[in-house]
Amino acid sequence: SELTRDPEVISQFYEEYYLPYLNLRHEDGVVEPRQAVERRARQGGILRVIGEDGPIVAGVVYPEDGVLYYLWLGMAERYLDNQPEGALAASYYFCLRYAHEHGFRAANWMGTRSFPTDGVYQFKRKWGPLAEDSFSPDSILFKPSGNNRKAVSFAETFPVLARRNGKLEQIYCTTAETIGEVEINRMISAYACDGVDQITIVHVVENNSHD
């Protein structure tokens, strides 16, 4: 791996790494302006994972107040259809190693969707991080109406990570007839993360009455 501030590498990152990877992973994703990405890269750098045939993965790192932020990630377009195994994980590993070797107090891998089943959440969770709340203009507030089967089905399929009284809470919904210790332990094992203050399991019992 290497960290570089080479102007040519910074210029190539946006068109040849960031945009192709973003379009592959998130067709409707928010595209950061080129000017903003390149400004942060000049202030921090481009961290690259290099293989036998050249750079595979690259990302923008930016230091602030003792924290190394991993802002944007990309992959060389030639690898997108057949991504080298472990390349993305290697980029996060080298980010951590760089932060450790250069005396940063933390490495911040930015946010994820607020669903513990989300792939990005699960990937980052495996590294033993500390989850922290941070305001986002993309936050969605929703409150299912009572006796709404579609809402219950959604909540059962997608547990949520929510703000409640200034703390982070994971909320799970189940319509199972009973829920015991085994199921509770499975949820904790699959989704728990440092920084989450509380796990709440909502047991939904279908109401067949007409009241």
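Given the residues 24, 19, 71, which is the only one that is within 25 Å of residue 100 (Cα to Cα), modelled with pLDDT under 95 and open to solvent by 30 Å² or more (accessible area, probe 1.4 Å)? Explain how you work it out, then say what you get.
On the way: 24 fails: within 25 Å of residue 100 (Cα to Cα); 19 fails: within 25 Å of residue 100 (Cα to Cα).
Within the list 24, 19, 71, the selection yields 71.
Given the condition surrounded by fewer than 20 Cβ atoms within 10 Å (Cβ to Cβ), modelled with pLDDT of 90 or more and either hydroxyl-bearing (Ser, Thr, Tyr) or over 21 Å from residue 14 (Cβ atoms) (or both), answer yes or no: does some residue in the stretch 41-58 qualify?
no
Taking the stretch 172-208 on its own, how many of its residues are over 27 Å from residue 127 (Cβ atoms) and open to solvent by 50 Å² or more (accessible area, probe 1.4 Å)?
The first filter runs over the stretch 172-208 and keeps only residues over 27 Å from residue 127 (Cβ atoms), leaving 173-181, 202-208.
From the residues that got through so far, the ones that are open to solvent by 50 Å² or more (accessible area, probe 1.4 Å) too are 175, 177-179, 181, 202-203, 205-208.
Qualifying residue count, the stretch 172-208: 11.
Residues 171, 140: which one is outside any helix (DSSP H, G or I) and modelled with pLDDT of 80 or more? Before you say what the answer is, go through the steps one by one.
Values: 140 fails: modelled with pLDDT of 80 or more.
Going through 171, 140 in turn, just one is outside any helix (DSSP H, G or I) and modelled with pLDDT of 80 or more: 171.
Pairs please, first residue from the stretch 1-14 and touching a residue at least 24 places away in the same chain (Cβ under 8 Å), second anywhere and small (Gly, Ala, Ser), Cβ atoms under 7 Å, 6+ apart in sequence or on different chains.
Sorted first by the residue in the stretch 1-14, then by its partner, the pairs are 3/45; 4/45; 5/45; 10/41; 13/41; 13/58; 13/74.
Restricted to the stretch 84-109, and to residues that are open to solvent by 70 Å² or more (accessible area, probe 1.4 Å) and part of a loop (DSSP other than H, G, I, E, B), which residue is nearest to residue 123 (Cα to Cα)?
It comes out as 85.
Please enumerate the residues belonging to the stretch 59-68 that are within 17 Å of residue 5 (Cβ to Cβ) and either of a type outside the set (A, V, I, L, M, F, W, C) or open to solvent by 10 Å² or more (accessible area, probe 1.4 Å) (or both). Show your work before the answer.
Here is the first cut: in the stretch 59-68, the residues within 17 Å of residue 5 (Cβ to Cβ) are 59-64, 68.
59, 62, 63, 64 - these are the residues of the stretch 59-68 that are within 17 Å of residue 5 (Cβ to Cβ) and either of a type outside the set (A, V, I, L, M, F, W, C) or open to solvent by 10 Å² or more (accessible area, probe 1.4 Å) (or both).
Quick check: anything in the stretch 114-123 of a type in the set (Asp, Glu), surrounded by fewer than 18 Cβ atoms within 10 Å (Cβ to Cβ) and within 17 Å of the chain's Cα centre (by Cα)?
Within the stretch 114-123, the subset of a type in the set (Asp, Glu) is 118.
Imposing the further condition that a residue be surrounded by fewer than 18 Cβ atoms within 10 Å (Cβ to Cβ) reduces the set to 118.
Now drop any that are not within 17 Å of the chain's Cα centre (by Cα), which leaves 118.
Checked against the condition, which is being of a type in the set (Asp, Glu), surrounded by fewer than 18 Cβ atoms within 10 Å (Cβ to Cβ) and within 17 Å of the chain's Cα centre (by Cα), the stretch 114-123 yields at least one hit.
Which is farther than 21 Å from residue 124 by Cα and part of a strand (DSSP E or B), of 55, 63, 20?
Working: 63 fails: farther than 21 Å from residue 124 by Cα; 20 fails: part of a strand (DSSP E or B).
Of the residues listed, the single one that is farther than 21 Å from residue 124 by Cα and part of a strand (DSSP E or B) is 55.
The values are calculated or read from the model by the stated rules, or taken from the named source; none is laboratory data. A quick note: this is a predicted structure, and the numbers were derived from the prediction, not measured. As a convention, Cβ positions derive from the backbone with ideal geometry for all residues, glycine included, and neighbour counts pool all protein chains shown. Just the protein is used for accessible areas: all its heavy atoms, side chains included, with ligands, DNA and RNA removed. Shrake-Rupley method; radii C 1.70, N 1.55, O 1.52, S 1.80 Å.
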